[in-house]
Every structure is written in C-alpha cells, then in structure tokens.
C-alpha cells in the first residue's frame with residue numbers, strides 16, 4: 001500500500017468497475033436524494049441520512065446511520081460546508097468506495113454569504129481542502145477529509161455565537177440555483193456510469209429527462225417571479241442568496257446572518273432600519289425557527305407576514321420530485337405574499 005494513500009482510496013482502486021447490481025448509494029439530505037433518485041430511476045433509490053422534517057444543522061448521526069454509511073458503495077453529499085459531521089463520519093467509516101461532494105464539482109456556481117460569486121474550487125475558505133484534490137479529476141474518490149478539520153472547528157465555533165457580522169465563506173445552499181442541480185444531475189449520472197457501466201445508458205437517459213424537466217421548471221419560475229423583481233422582503237436567515245440572484249429578485253433582508261442562530265437586539269435594530277429604507281412588503285418565517293422573531297422585526301412597518309419558508313425542504317415529503325417541489329414551494333410562498341401589493 002502506498003503510504004500517501006488512505007486505505008479507502010486504495011480499496012476503491014482495487015475494486016472491480018463492474019457491479020452485479022446497482023450500487024448502494026447514501027446521501028445527506030432529501031435534496032441530494034431527489035437528484036440521485038431521478039438518475040437511478042427504476043434501478044433503485046438512495047438511503048437518506050437526515051430524515052424529513054429535521055433541521056440538518058442540529059442533526060446527530062445514530063448508530064444505524066453509521067452502519068448504512070459503512071455499507072454504501074457511494075456517498076453523494078453537498079459537502080462539509082453544510083454538514084461537517086458527515087465528513088468526519090465518512091472518514092471514520094473508511095469503507096466507502098466513492099464520495100461525490102457536489103459543492104466541489106467543477107463548474108458549480110458558488111457564492112459567498114452576502115452574494116459575492118465565485119467559482120467552485122476557488123475560495124479562500126477551502127484552500128487546504130482544494131490542495132487535497134490536486135492531481136485528481138472532478139470525479140475522483142474523496143476519502144481523505146483531514147483538510148476539513150479546520151473548517152469543522154470554525155463551523156462549530158461560529159454556531160456558538162450570534163452572527164451580527166457579515167458571514168464569511170461559501171454559502172452552502174447552492175441547490176437553490178437550478179443550474180447547479182442540472183450540473184449535478186449530469187455529474188451523478190457519469191459517476192454512476194463509471195462504477196456501474198452495465199447500466200450506464202440508463203443513468204444517462206434518466207439524467208437527460210431530469211434535466212429537461214429542470215429547464216422547464218426554471219423557465220416557469222422565472223416567469224412567475226419576474227413581476228416582483230423590485231420588491232424587498234424579509235427572511236429569517238441568510239440562505240436564499242442563490243435563489244434571489246438566479247431569479248432576479250432583490251437580496252432578502254435576513255434577520256440572522258448565521259445558519260442556526262437567533263438574531264441579537266443589535267441585529268434586529270439593523271433589520272428594522274433596512275425594512276424602513278427598502279419599504280419591504282413581506283416577511284417570511286422559517287421552518288424550525290420562532291415566527292415571533294419575524295413578527296417583532298416588522299412590527300409597525302406595514303410589512304405582511306407570509307407563509308413559512310424551508311430552504312432545505314423540511315416541510316416536503318422526500319422522493320424523486322422533492323427538488324422540483326422545493327423550488328416551486330419557495331416560488332409560490334414568495335409570490336402569494338408579494339402579489340398582494
């Protein structure tokens with residue numbers, strides 16, 4: 001065994017490329033599960049680690065999750081930027097043949113919190129992580145996550161404090177740009193074709209059909225949201241930048257600049273000033289967060305309370321159509337309130 005290669009990577013290199021049956025795939029969330037399920041079609045379905053109606057920021061793996069992960073032929077996940085706990089678990093398991101981190105797929109459109117755009121594999125917050133991938137193609141096995149240790153520490157540290165400052169680093173909610181989902185669908189199909197060549201054409205055909213549906217949905221939502229491009233609105237936390245940027249909406253005013261924190265009094269004061277300045281017409285509560293905070297923020301402003309948003313689709317039943325349902329729900333929830341002006 002080469003001393004520089006982790007055991008899991010060596011095992012993956014020695015494994016036969018032809019499988020007797022479709023690979024067992026584990027995914028992090030229902031978002032990823034929906035993309036993978038579309039590519040698999042009738043050949044199977046992925047195992048989703050984070051259950052529906054669960055706040056993924058607070059999820060803790062169970063022993064049964066670890067067993068499912070260890071038995072997987074392939075792990076498809078957004079990346080440690082969203083679920084650092086999964087990176088540690090995958091490394092501890094040491095038996096997964098292939099890992100695909102979607103945020104690190106070449107060509108993924110990424111942006112920092114606050115809306116600054118950048119290319120995948122080209123952000124300062126993950127320089128050490130990117131060095132790990134040098135010499136590998138975009139579909140290489142991603143088994144060594146030692147470079148994520150610093151990120152994990154920073155992530156945990158950030159969640160111990162109120163985020164009254166601009167959030168730094170890559171925003172992991174990249175699935176809210178459908179162009180990324182289209183790219184990831186093709187990438188999953190090619191990776192499955194590589195490890196299961198007997199079903200390669202089926203994977204590619206399924207991906208093509210899914211891509212056609214995503215393009216149609218993109219056009220549908222673009223037309224639906226276009227009349228509200230100039231309207232300002234309030235959300236609970238800074239998770240919607242990809243959605244607003246892609247569909248030409250105003251950047252949402254976020255009560256909390258972190259992923260899982262409550263806004264401080266100073267932040268609420270700042271938000272009230274932004275609401276008054278932009279004449280925000282709607283404010284939207286969010287799954288797993290106290291709606292009273294949103295009501296407090298807009299008190300006296302004239303803004304209306306809209307429906308509950310769920311950027312990871314926690315209020316939607318998992319399945320192949322989950323991703324499309326998630327985007328449609330976001331679009332409909334926004335327009336139902338914004339259209340009242």
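Could we say that residue 283 is in the same structural domain as residue 333 (by TED's automatic domain parsing) and at negative phi here?
yes
Determine which member of the set 86, 75, 110 is in a helix (DSSP H, G or I), assigned by TED's automatic domain parsing to the domain that holds residue 172 and buried (at least 22 other Cβ atoms within 10 Å of the Cβ).
Criteria check complete, one pass: 86.
Give the residue, chosen from 266, 260, 254, 226, that is modelled with pLDDT under 95, part of a helix (DSSP H, G or I) and over 30 Å from residue 39 (Cα atoms).
Every option except 266 fails the conditions.
With the requirement that a residue be at pLDDT 95 or above and in a strand (DSSP E or B), what does the stretch 233-251 give you?
Within the stretch 233-251, 233, 234, 235 meet the criteria.
Mind checking which residues of the stretch 223-238 are closer than 13 Å to residue 330 by Cβ and surrounded by fewer than 23 Cβ atoms within 10 Å (Cβ to Cβ)?
224, 225, 228
Take the conditions touching a residue at least 60 places away in the same chain (Cβ under 8 Å), within 30 Å of residue 219 (Cα to Cα) and loosely packed, with under 14 Cβ neighbours inside 10 Å and apply them to residue 317. Does it pass?
Yes.
From the list 216, 210, exactly one residue is free of Cβ contacts under 8 Å to residues at least 24 places away in the same chain and farther than 30 Å from residue 298 by Cα. Which is it?
Going through 216, 210 in turn, the sole match is 216.
Within the stretch 166-189, is even one residue at pLDDT below 65, part of a loop (DSSP other than H, G, I, E, B) and assigned by TED's automatic domain parsing to the domain that holds residue 22?
Within the stretch 166-189, one or more residues are at pLDDT below 65, part of a loop (DSSP other than H, G, I, E, B) and assigned by TED's automatic domain parsing to the domain that holds residue 22.
Do we have residue 246 as touching a residue at least 24 places away in the same chain (Cβ under 8 Å) and either touching a helix residue (DSSP H, G or I) at 6+ places or on another chain (Cβ under 8 Å) or farther than 28 Å from residue 296 by Cβ (or both) here?
yes
Do you know which residues across the stretch 320-333 are surrounded by 16 or more Cβ atoms within 10 Å (Cβ to Cβ) and assigned to a loop (DSSP other than H, G, I, E, B)?
320
List the number of the failed condition for residue 16; all other conditions in (1) modelled with pLDDT under 80; (2) surrounded by 22 or more Cβ atoms within 10 Å (Cβ to Cβ) hold.
Single failed check for residue 16: (2).
Quick check on my filter: what residues within the stretch 239-259 are in contact with a strand residue (DSSP E or B) (Cβ under 8 Å, 6 or more places away or on another chain) and surrounded by fewer than 19 Cβ atoms within 10 Å (Cβ to Cβ)?
Answer for the stretch 239-259, where residues must be in contact with a strand residue (DSSP E or B) (Cβ under 8 Å, 6 or more places away or on another chain) and surrounded by fewer than 19 Cβ atoms within 10 Å (Cβ to Cβ): 245, 250.
Scan the stretch 265-281 and tell me whether some residue there is within 23 Å of residue 315 (Cα to Cα), in contact (Cβ under 8 Å) with a residue 40 or more places away in the chain and surrounded by 23 or more Cβ atoms within 10 Å (Cβ to Cβ).
No; the residues of the stretch 265-281 include none that is within 23 Å of residue 315 (Cα to Cα), in contact (Cβ under 8 Å) with a residue 40 or more places away in the chain and surrounded by 23 or more Cβ atoms within 10 Å (Cβ to Cβ).
For residue 297, state whether it is under 30 Å from residue 40 (Cβ atoms) and at pLDDT below 95.
Criteria not met by residue 297.
Do we find a residue being not in a loop (DSSP other than H, G, I, E, B) and not assigned by TED's automatic domain parsing to the domain that holds residue 36 anywhere in the stretch 194-201?
So far as the stretch 194-201 goes, no, none of its residues is not in a loop (DSSP other than H, G, I, E, B) and not assigned by TED's automatic domain parsing to the domain that holds residue 36.
The values are calculated or read from the model by the stated rules, or taken from the named source; none is laboratory data. Small disclaimer: the values here were computed from a predicted structure and weren't measured. A quick note on method: Cβ atoms are made from the backbone with ideal geometry, for glycine too, and the neighbour counts reach across all protein chains shown.
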